[in-house]
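Novice: What follows is a single structure, and I will ask about it in a moment.
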Amino acid sequence: MITINTDLLTTDGTLNIERIREDFPILHQEVNGKPLVYFDNAATTQKPIQVVEALTAYYLNDNANIHRGIHTLAERATAAFEATRDSVKTFINANEREEIIFTRGTTEGINLVASTWGITNLKAGDEIVVSAMEHHSNMVPWHMLAQRTKAVVKILPMNDAGELLPEAFDTIITSKTKLLACVHVSNTLGSINPVKQLIAKAHAVGAVALIDGAQAVSHLDIDVQDLDADFYAFSAHKLYGPTGVGVLYGKRAILEAMPPYQGGGEMISEVTYEGCTYNELPYKFEAGTPNIADVVALKAAIDYVNSIGKAAIRAYEHELLDYAVSKLKNIEGIRLIGTAKDKVSVQSFVFADIHHQDLGIILDKEGVAIRTGHHCTQPLMGRLGVTGTSRASFAFYNTKEEIDQFIAAIHKAIKLFR
């Protein structure tokens, strides 16, 4: 039986960090003889033991294919799989459970929309609007779609702090716009974008809006009905859940009108030698045997996050971010990348005389794991005038003591290069 601990918060409502860290065994190790400091949470979050237990419990007790079987294991597996769909519906406040489609991740969710809704609805001269800070997963599919349909990709500009420019919204989003595809939170900058305002702008000109929620889902309260998003995509592995699983939310009316993404088992209603008819939502978009075990484990991740609460998580992560930024600002020669007023616990930075890759290697020798490179945002790197950055991203299991170790490691690197 999988249980969620009830002592993750202190009596005053703050996070019980020591208790929380007990649920993440991976954090309690040494790397290169130093205590591990894991600051690569924007790439993937670590998994609490409850998620690992849910994953193994499925394989040990309930392993069977879902939906098509009438035996006990199949029925148990199906019930657990569909319970996660209900959990996701509540987590993002979808109107119906049928609007929740399981995918392999944010990337597949976006590609699903591009390959179905996009091919069906776009024609030459139509415009796709994306922001200047998009991850490649929310940029490349639209370039590919534009090449196929002769549509045009347009960019919402930003300022040097990493904030989109509201004065440009009405000039970029026009009657030619058919799709707005925007990241909710930048994986490189941490910026929180005004997606509700952008969605309203898109709808005012008759366009559809897709939001990339990969970075937002672990930090922000997501309410797709309040946002009025037509599509919202995210990945489990950035929500303390397993890899290889994602969610695409779509409004029922839009999903109903879209053709299937892939053909195979489960997504059909009837098949004959002459043709086929398609299954109802959401199964029309879930061809073949899905990643059952990891979908089941996603519910445990959602339960874990809910047991702490997003408000408490945000408050603590902002405390960590503020502490880290105050330390980084005091280091000579550093340039902070991403200084938006409204952001999550992600901080990128560069040195003029230390390459980001060299810094990452040295920090790893000190047990500190950060991300270096272009973070799958090459166009953004060009806009900022850099080839890449070092990025530290914090989660609710991190500590100020780990930030001190991180800062000390940076000073060691500086001594090697100066």
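Novice: Among (1) of a type in the set (G, A, S); (2) surrounded by fewer than 21 Cβ atoms within 10 Å (Cβ to Cβ); (3) touching a residue at least 24 places away in the same chain (Cβ under 8 Å), there is one condition A297 misses while meeting the rest; what is its number?
Specialist: (2)
Novice: All but one of (1) under 18 Å from L328 (Cα atoms); (2) touching a Ser or Thr at 6+ places or on another chain (Cβ under 9 Å); (3) crowded, with 16+ Cβ neighbours inside 10 Å hold for Q405; state the number of the condition that does not hold.
Specialist: Tallying (1) under 18 Å from L328 (Cα atoms); (2) touching a Ser or Thr at 6+ places or on another chain (Cβ under 9 Å); (3) crowded, with 16+ Cβ neighbours inside 10 Å, Q405 fails exactly one: (2).
Novice: Name the residues in region 353-391 that are over 23 Å from the mean Cα position of the chain (by Cα), closer than 18 Å to K415 by Cα and among the hydrophobic types (A, V, I, L, M, F, W, C), would you?
Specialist: Once the filter is applied, which keeps residues that are over 23 Å from the mean Cα position of the chain (by Cα), closer than 18 Å to K415 by Cα and among the hydrophobic types (A, V, I, L, M, F, W, C), region 353-391 yields I354, L359, I361, I362, L363.
Novice: Condition check: over 18 Å from the mean Cα position of the chain (by Cα), modelled with pLDDT of 95 or more, surrounded by 16 or more Cβ atoms within 10 Å (Cβ to Cβ) and assigned by TED's automatic domain parsing to the domain that holds D294. Does A64 satisfy that?
Specialist: Considered against the rule, which asks whether it is over 18 Å from the mean Cα position of the chain (by Cα), modelled with pLDDT of 95 or more, surrounded by 16 or more Cβ atoms within 10 Å (Cβ to Cβ) and assigned by TED's automatic domain parsing to the domain that holds D294, A64 comes out as yes.
Novice: Still on this structure, I have one more. Working carefully through the options N111, N138, find the one that is surrounded by 20 or more Cβ atoms within 10 Å (Cβ to Cβ) and either among the hydrophobic types (A, V, I, L, M, F, W, C) or closer than 24 Å to D226 by Cβ (or both).
Specialist: N138
Novice: Is there any pair with a first residue in region 246-262 that is under 26 Å from D294 (Cβ atoms) and in contact (Cβ under 8 Å) with a residue 60 or more places away in the chain and a second that is among the acidic types (D, E) and loosely packed, with under 14 Cβ neighbours inside 10 Å whose Cβ atoms are under 9 Å apart and which are 6 or more apart or on different chains, and what are they?
Specialist: R252/E96
Novice: Could you pull out the residue among K196, K201, K238 that is closer than 28 Å to I20 by Cβ and of a type in the set (K, R)?
Specialist: K238
Novice: Looking for whichever is part of a helix (DSSP H, G or I), acidic (D, E) and surrounded by fewer than 14 Cβ atoms within 10 Å (Cβ to Cβ) here; the options are E274, E270, E256, E280. Which one fits?
Specialist: Just a single option satisfies the conditions, and that option is E256.
The values are calculated or read from the model by the stated rules, or taken from the named source; none is laboratory data. Computed from a prediction, not measured in an experiment: that's the story for all the values here. Cβ: placed from backbone, ideal geometry, glycine included. Neighbour counts: every protein chain shown.
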